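Student: Encoded as structure tokens, here's the structure I'll be asking about.
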Amino acid sequence: MRRLILLLLLLSAAGCTTPPDAEESDDTLNLAEAMGGDTLGYARAVGPQPFDFPTDFGAHPTFKTEWWYFTGNLWSGDKRRFGYEFTVFRSALRPPDSLARHSEWSTNQLYMGHFSLADPETGTFHAHERFSRGAAGLAGAASPPFRVWLEDWSMETVAADPSSLFPLQLQVEADGVGIDLMLDATNPIVLQGERGWDPKGDGNGNASYYFSFTRIETKGTITLPSGRFNVEGSSWKDHEWSTSALGKDEVGWDWFALQLDDGREIMFYQLRREDGSQSPFTGGTLVEADGSYRHITRNEVKLQVDGTWESPVSGAIYPSGWTLSLPGEDLELHVTPVMQNQELNVSVRYFEGAVDIEGTSNGQPIAGVGYVELTGYDGSTL
Amino acid sequence: MALSILGVALGVAVVVGIDLANSSARTAFRLSTETVTGRATHAIVPGGGLLQDDTYRQLRTETGFRNAAPVLEGYTRAGAETGPVLQILGIDPLAEEPFRSYTGGPQGNLDLGAFMGPSLTGLISRSTADRLGIQSGASLALYREGKTSTIVILDVMDPEPGFSEASLTNLLIVDIATAQSLLNAPGQLSRIDLILNEDGRAAQLEKLDRVLPSGARIEPASTRSSTLDQMTQAFSLNLTAMSLLAMVVGMFLIYNTMTFSVVQRRSLIGRLRGIGVTAREISGLILAEAAVVGLIGSTIGMVSGIFLGHVLVDLVTRSINDLYFTVRIQELNLSWLGLGKGLLVGMGATVLAAFAPAREATRAIPSTVLRRSEDETRIETHGGLLRGIGFFLALLGALILWMSGSSIALSYVGILFIILAAALWIPSFANIGSRALRPLMGRFFGIVGRMAASGIHHSLSRSAVAIAALTVAVAATSGVGIMVDSFRTTVDTWLRYSLEADIYVSPPGMVFRRNDATIDTQVERQIRAMDGVAETYSVRTARVQIEGRMTDMVVTEPRNRELEPGRYKKRSSYDHREAMVSRDVIMVSEPYAFRYNTDVGDSLQVMTASGPRTFEVGAIYYDYASDLGVVQMARSRYETHFTDRYVSGLAIYAADGVDIDELIDNLKSATADGQGLLIRSNRSLRQASLDVFDQTFTVTAVLRLLTILVAFIGVLTALMALQLERARELSVLRANGMTPGQVQRMVTTQTGLMGLLSGLLSVPLGLLLAWLLIFVINQRSFGWTLQFDVDLMVLFQAVLLAVIAALLAGWIPGRSMSRMNATEALRFE
């Protein structure tokens, strides 16, 4: 569910051929407008279907939107903390057609890349965005072998067996800030929702196909203008594609990807309505240490906001710190951003931040790290 | 006074008109270049032909260089074959932001999906849409190289801040995909625009070097417009020179009119002197008056110059389109500089020309103001001095011409000195002429004729100037006329022997003399295999990099025929035609050899698809199609070294006994379904070429006419001054019994005689000018060898023109003189 909004917003953002500069733009995009996009002619996620791996690691261009999402928490040798996000979004600008392509450049596929790096030690948050057409070799997504790229930003398998997704390499660089990371999953794949089919709203086909790798061992280097750091840590990967839209009264969401030090992971999102209430399409997944997982409903989770942070750039007031509890599991987690300002001021403004977790499980202390995504707080109707 | 103003106005109008036309063409061109260059500082340009778009992909995905935007440019016509020219600018909207913002900024609402999608879509400016009568959402037919495609106008654009609406005139912005389709250039780009930062430029260049394909190079964005500027430099310089010629003639005229106004008020000046006004004050008064005349005349001139500029800019643009490159913006660009120049020239010339009359007026001693003879004696005695100065000026002019090397501007200065020298000699020649003609005139026209002839001689200070002005004007027009005729004859002769085949096939292109449109390969095969076609030879026009310069290259197939040996200016000792096929030998055209100082046996580095290769120059051939210089390569060598396999034209020899017109009809009907092709007989292609030639000289013709007009007004004012002065003399004649008719006849005969003298004197001067234009100016501007071909008709016309102009100019003063009341005129005596 989580990042669907971004892509849908992109559909309307696609109107501006050259999206606004991250620093300069104050344009806000209207969610409802973005969601109003015509879905006619696109493939729909009408029900659970068996995935065909490794082909399904690649692109599904007949669906309107798709993304490959990596987030992770990393430490250098001297325990300096970093958080990163690297996402490639794909968006079909028009329904698929059978018209003859008279040029390699002709396409209906638009790619957008987001890269952010949180550096809490210096309090710096780097965010970059870029766009390209999914044609002429400039950007694309394929599998096998798995490769998603947008110009020189890439996520690409380096496995000897080309059908294998892992190990894979992430390479991103922008304005002297970059990551070059090797990723190897320690958990098997997690199919979200119902066998990877995740309903988003009422109505047939208002759903996405969604799977994750919830714990991925990560090693590599981070480059900053101040120097280069060898880092290690863990990442999280999501891959999701869909066509359909959110409900009209939904204004944003809070999404949590939490990795606990007892080996468990939790994915949970809550959709927020205009009146502040929680949408029924709220839920998540609990992954056990052995890799088995189960769906968790909204009724199993209690989410309480403990603090707020006002963005000096957008003026948006974001929740900053939560208590998330699963009473059924006797689990209570205090989730705190590693730094407050992890807002991406790109064509779609949102918060995507590394978090620390402390809490108790069955009365025992528990800790962890994770990533939180917050949308719809910047004062627009979003 | 009205005449003085008219004279100044005409002179200024011509100068301003030409200047505006020239600068408008340049500004329009620069504007269109800047519009499409945007904020790019550099560009990766191909060594020849186009760039493979893979270079761009490498740049983005491998080197991570992001300040780069792909561009594919070309031209098309809107609507039909004769529709307005549109420049196609193919871009990637997602790479555009740092470069250009036509596809919309953050607030834009371009439908990217439709823009980049498989259907052909594009954007045009609001005013262009209005002019074409279409709205956004409408379809627009595009005609290019004989094919029609349809594009949907997605939206209309407004210019970027700081750019005028005109900058977007006839600009069609499309996606790279659409451009590749419209321009039939799959996988290709014209260039990759770059923004290189000042700091760390070396590192950036090193990064770029890694993906630079062979032959391609990185050049500053300014190079493009300056290269194209240089192409037309000689062309516009010559136009400017022509306009200055009109100004020189105009100066005579101003001199005349100012003299006229002084003469007219001779008695007033005398009286003023009598009551104690100083000479200095009077000359100041005259100069001030000249300044006023200059100001009014120049103002009127500037306004009329703007109108003239409107006509001329059209002609100049058309010539540039025919000869050099496609210009999409065509509008008069009012530059304050151009208008200021006109004002300066007009005022300057007027005041300068008024100096002599002002001095003359101040010299008027109250008691002798009514006496004229002093002047005449002076000019008689000064005749030697004038001739001396003339001789000196002629020497100086010749020296300048000799020393100026290749400078066209200096060459014109030299010619100006020679004209001035001739003008100074004219009184002496006129004197001799009129004396010599006196008995002859006496025989034909009796006493009136004899008196008319001696009248010229007696009033030399006035008539000489009139004769000089008329002579210079007529000589200038006949000189230019002879030059154009010689040029045309040379081109015609050249066309006759260089167009040997029976039929020529080519797709309609944008620039007549540099047509690089291509014929469909299938159509080409079809034509080659037609019944009645005996032999076909292909021609390909391509742009390649030779010695680091983009050069037009003509690729030809060797013919199994003897070719006219006269087509070569210089040949090597070996058979260069055979050598061009067997090894790396090329030919260069005469202007190429001239421009780049190239000789037979020299080596030229040609950037081929596989990198630079050295070719030997096997021959220099005559070519009048391009003053930019062309290189000729054999098809087989071209196919060895280049990947391009297209042809731009076919020369067809019909089989024996086949009717050419019938074959043309057959070819036309056989190819009717596909690409629209121009299929022309030898004769009609030659005619079309000559038509273009004539068109390019239309500006020249307009200027010639204006020069004559200026001269005519000059003669009119000079004669009026002259006859005004003679009022008393004529009154005496009237008092002595001469009838008004006789007076009229005498005056008219006298002016006719002056015209005849001017006409006759203009013949040698015109020939000299023609010779200088052909062998100095043309040589130094373009490097062409032209035959010096004198059409006697041109000379005869010149004499006739002078006589008619003089007769007309003499008729008005003659009439008023004959009606003058003799007693009234004599009263002052």
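The values are calculated or read from the model by the stated rules, or taken from the named source; none is laboratory data. No experiment lies behind these values; they were computed from the predicted model shown. Reconstructed Cβ throughout: ideal geometry from the backbone, glycine too, with neighbour counts over all protein chains shown.
Student: Take the residues in region B:472-508 that are among the polar types (S, T, N, Q) and at pLDDT 85 or above; name whichever of them is farthest from B:Ser684 (Cα to Cα).
Tutor: B:Ser478
Student: Next question. Within region B:509-562, can you find the residues that are among the hydroxyl-bearing types (Ser, Thr, Tyr), at pLDDT below 90 and within 25 Å of B:Ser214 (Cα to Cα)?
Tutor: Across region B:509-562, the qualifying residues are B:Thr518, B:Thr541, B:Thr551.
Student: Name, by its number, the condition in (1) away from chain A (no Cβ under 14 Å); (2) modelled with pLDDT of 80 or more that does not hold for B:Asp53.
Tutor: Of the numbered conditions (1) away from chain A (no Cβ under 14 Å); (2) modelled with pLDDT of 80 or more, the odd one out for B:Asp53 is (1).
Student: Here's another thing I want to ask about it. Could you please find all residues in region B:763-812 being of a type outside the set (A, V, I, L, M, F, W, C) and assigned to a helix (DSSP H, G or I)?
Tutor: First pass over region B:763-812, keeping only residues of a type outside the set (A, V, I, L, M, F, W, C): B:764, B:766, B:778-781, B:783, B:785, B:787, B:789, B:791, B:797, B:810.
Across region B:763-812, the qualifying residues are B:Pro764, B:Gly766, B:Asn778, B:Gln779, B:Arg780, B:Ser781, B:Gln797, B:Gly810.
Student: Here is a further query. Which residue, of A:Tyr318, A:Tyr269, is buried (at least 16 other Cβ atoms within 10 Å of the Cβ) and farther than 30 Å from A:Thr39 by Cα?
Tutor: Working: A:Tyr269 fails: farther than 30 Å from A:Thr39 by Cα.
Answer to the selection: A:Tyr318.
Student: Does region B:85-106 contain at least one residue that is away from chain A (no Cβ under 14 Å) and farther than 17 Å from B:Asp158 by Cα?
Tutor: Checked region B:85-106: at least one residue is away from chain A (no Cβ under 14 Å) and farther than 17 Å from B:Asp158 by Cα.
Student: Out of curiosity, is A:Arg215 farther than 24 Å from A:Ala316 by Cα, at pLDDT below 95 and among the charged types (D, E, K, R)? Step through it out loud before you land on a result.
Tutor: Working: farther than 24 Å from A:Ala316 by Cα: yes; at pLDDT below 95: no; among the charged types (D, E, K, R): yes.
The answer is no for A:Arg215.
Student: Also, I was wondering about something else. Output the residue which, of all residues in region B:66-84 that are in contact (Cβ under 8 Å) with a residue 40 or more places away in the chain and part of a loop (DSSP other than H, G, I, E, B), is farthest from the other protein chains (Cβ to nearest Cβ). Please lay out each step first, then the result.
Tutor: Restricting attention to region B:66-84, the residues satisfying the condition of being in contact (Cβ under 8 Å) with a residue 40 or more places away in the chain are B:67-81, B:83-84.
When the remaining residues are screened for being part of a loop (DSSP other than H, G, I, E, B), the result is B:67, B:79-81, B:83-84.
On the way: B:Asn67: 12, B:Gly79: 22, B:Ala80: 23, B:Glu81: 23, B:Gly83: 23, B:Pro84: 25 Å.
Among residues in region B:66-84 that are in contact (Cβ under 8 Å) with a residue 40 or more places away in the chain and part of a loop (DSSP other than H, G, I, E, B), the one farthest from the other protein chains (Cβ to nearest Cβ) is B:Pro84.
Student: Hey, A:Ser98 hits all of (1) more than 7 Å from every other protein chain (Cβ to nearest Cβ); (2) more than 12 Å from B:Met116 (Cα to Cα); (3) buried (at least 20 other Cβ atoms within 10 Å of the Cβ) but one; which does it fall short on?
Tutor: (3)
Student: Any residue in region B:132-148 that is aromatic (Phe, Trp, Tyr) sitting within a Cβ distance under 9 Å of a residue that is not in a loop (DSSP other than H, G, I, E, B)? List the pairs, counting only those 6 or more apart or interchain.
Tutor: Pairs found: B:Tyr143/B:Thr76; B:Tyr143/B:Arg77; B:Tyr143/B:Ala78; B:Tyr143/B:Ser149.
Student: Return the residues of region B:638-653 that are within 11 Å of B:Ile503 (Cα to Cα) and crowded, with 19+ Cβ neighbours inside 10 Å; say none if nothing qualifies.
Tutor: Step one: list which residues in region B:638-653 are within 11 Å of B:Ile503 (Cα to Cα), which gives B:649-653.
Of everything in region B:638-653, those that are within 11 Å of B:Ile503 (Cα to Cα) and crowded, with 19+ Cβ neighbours inside 10 Å turn out to be B:Gly649, B:Leu650, B:Ala651, B:Ile652.
Student: Here's a follow-up. Looking only at region A:257-273, which residues are free of Cβ contacts under 8 Å to residues at least 60 places away in the same chain and farther than 22 Å from A:Asn362 by Cβ?
Tutor: A:Gln270, A:Arg273 - these are the residues of region A:257-273 that are free of Cβ contacts under 8 Å to residues at least 60 places away in the same chain and farther than 22 Å from A:Asn362 by Cβ.
Student: Something else now. All but one of (1) at pLDDT below 95; (2) surrounded by 22 or more Cβ atoms within 10 Å (Cβ to Cβ) hold for A:Ser116, so report the exception by its number.
Tutor: Of (1) at pLDDT below 95; (2) surrounded by 22 or more Cβ atoms within 10 Å (Cβ to Cβ), only one is false for A:Ser116: (1).
Student: Also, quick follow-up: If you go through region B:167-207 one residue at a time, how many are within 24 Å of B:Phe29 (Cα to Cα), more than 9 Å from chain A (Cβ to nearest Cβ) and among the small types (Gly, Ala, Ser)?
Tutor: Final tally of qualifying residues: 2.
Student: Check A:Gly113, A:Gly72, A:Gly41 and return the single one that is away from chain B (no Cβ under 14 Å) and either outside any helix (DSSP H, G or I) or touching a Cys at 6+ places or on another chain (Cβ under 7 Å) (or both).
Tutor: Values: A:Gly113 fails: away from chain B (no Cβ under 14 Å); A:Gly41 fails: away from chain B (no Cβ under 14 Å).
None of the other options fit; the residue is A:Gly72.
Student: Out of (1) within 14 Å of chain A (Cβ to nearest Cβ); (2) touching a helix residue (DSSP H, G or I) at 6+ places or on another chain (Cβ under 6 Å); (3) closer than 19 Å to B:Ser222 by Cα, the odd one out for B:Arg39 is which?
Tutor: With respect to (1) within 14 Å of chain A (Cβ to nearest Cβ); (2) touching a helix residue (DSSP H, G or I) at 6+ places or on another chain (Cβ under 6 Å); (3) closer than 19 Å to B:Ser222 by Cα, B:Arg39 is out only on (2).
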